[in-house]
Amino acid sequence: MLPSPSTAGNGPARPATVYAVQGMTCAHCERAVIEEVAAVAGVSAVRADAAAGTVTVTAAGEIDEAALGAAVAEAGYVLAGRASASPVTGPATGREAR
């Protein structure tokens, strides 16, 4: 059995941080946020969920939250702060990019 895409790779699950995003309402919104956030230095995976109003960011180390906020703003939305930090263990919801 192959590992799920969200846990593939070597070693333990990478920490992911969930951020609240204001203004996302559809799949187009998710894609716009993913495209901009994926370009932030250090980001290794991005998952956006318009229904939940969140973006989940996985990185090997700390992410510059000002750069993350600027990326979300460039997409046309507002980063409203951290919602949580947790290991990436389940299947993706919303849209995802690696």
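Inter-label distance, A60 to E74: 2.1 nm, where each label sits 7 Å from its Cα along the C-beta direction. Here the simple spin-label model places points 7 Å from the Cα toward Cβ, and for H28 and A41 these points are separated by 3.3 nm.
Read-outs throughout are calculated quantities, based only on the coordinates presented, and are distinct from any laboratory measurement. Everything numeric here is computed off the predicted structure, so don't read it as measured data. Counting neighbours? That spans all protein chains shown, and the Cβs are built from the backbone with ideal geometry, glycine included.
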